[in-house]
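The values are calculated or read from the model by the stated rules, or taken from the named source; none is laboratory data. Since the model is a prediction, treat every value here as computed from it, not as a measurement. Here Cβ is always computed from backbone atoms with ideal geometry, including for glycine, and neighbour counts include all displayed protein chains.
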Amino acid sequence: MEDLQLKIGTVISNDDSDRKGRIQVKIIPELKDIKDADAPWAKPFTTKQDKTGNTLKKDYFPKGSLIRVLVSKDWQSFYYLDNLFLQGLFNFDTAASLLDGVSPISYDYVTLEFKLYENGNLWFNDNANGTTGIIHNTGKYVVLDADGNICLSSDEDNAVRYSKLEEAFNTLKDDLNSFINTYNNHTHILSGVAGPYPLSGSATPSTSSGSPSSADISGAKVEDIKIS
């Protein structure tokens, strides 16, 4: 194993063109006077796996922040700490394939923070636009988009407050049943002449009558999702 020294570095860039989780750092004070473009790129480093097993994780280290860096004695190898990447296993395309398949998600590699678990579940957060959420290994997801909208495996339709929907539905149902009841019990006042005989009085209701509505929306209620 390489003989490494612990140093402090300043983040120059986290925009790794290879998307391998590298961070460009300037070790201080040793490299404080070099040009930013000449600063080395540090790889993620860990000495052990965390309790979730083979976890692929990308933290967000903004430009100018300080991080701990392990540097080889010949100053040819750089590894940054405070991150649980598994060195050599980092493959952003694995996470991107999940993120790109969910329409409410917008993200930028530079500001993205995520954790991809061994079982295929993905947690993510974009520190710039605020998009955050979880994608399950089945493809189902819960996402809060950049505008704060909660999207449950889709962004094509709207949720409803069942209690308000039920209230309006029952009012409509009561109005309909009242109309049906009025129809069933109505009478016609008769007046006039039928041939040589005058007509007066009332006619009984029609033998055909309407039935009260049996409509029921209780089956539309989703018990395991609650909203305010």
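Does segment 145-164 include one or more residues that are over 10 Å from the mean Cα position of the chain (by Cα), under 17 Å from V222 (Cα atoms), among the polar types (S, T, N, Q) and in a helix (DSSP H, G or I)?
Yes, because at least one residue in segment 145-164 is over 10 Å from the mean Cα position of the chain (by Cα), under 17 Å from V222 (Cα atoms), among the polar types (S, T, N, Q) and in a helix (DSSP H, G or I).
Go through (1) without any contact (Cβ under 8 Å) to a residue 40 or more places away in the chain; (2) within 16 Å of G21 (Cβ to Cβ) one by one and return the number of the condition F114 breaks.
Status for F114: all satisfied but (1).
Taking only pairs six or more apart or across chains, which ones have beta-carbon atoms under 6 Å, a first residue in segment 13-35 that is over 18 Å from A96 (Cβ atoms), and a second residue that is in a loop (DSSP other than H, G, I, E, B) and at pLDDT 90 or above?
Hits for this filter: Q24/A39; K26/A39.
Would you check if D126 is surrounded by 16 or more Cβ atoms within 10 Å (Cβ to Cβ), in the same structural domain as D145 (by TED's automatic domain parsing), modelled with pLDDT of 85 or more and more than 26 Å from K7 (Cα to Cα)?
Judged against the criteria, D126 is a match.
Condition first: buried (at least 19 other Cβ atoms within 10 Å of the Cβ) and farther than 15 Å from D59 by Cβ. Now tell me which residues in segment 105-121 satisfy that.
The one that is buried (at least 19 other Cβ atoms within 10 Å of the Cβ) and farther than 15 Å from D59 by Cβ: I105.
Tell me, which residue of segment 141-156 that is loosely packed, with under 12 Cβ neighbours inside 10 Å and charged (D, E, K, R) is farthest from F114 (Cα to Cα)?
E156
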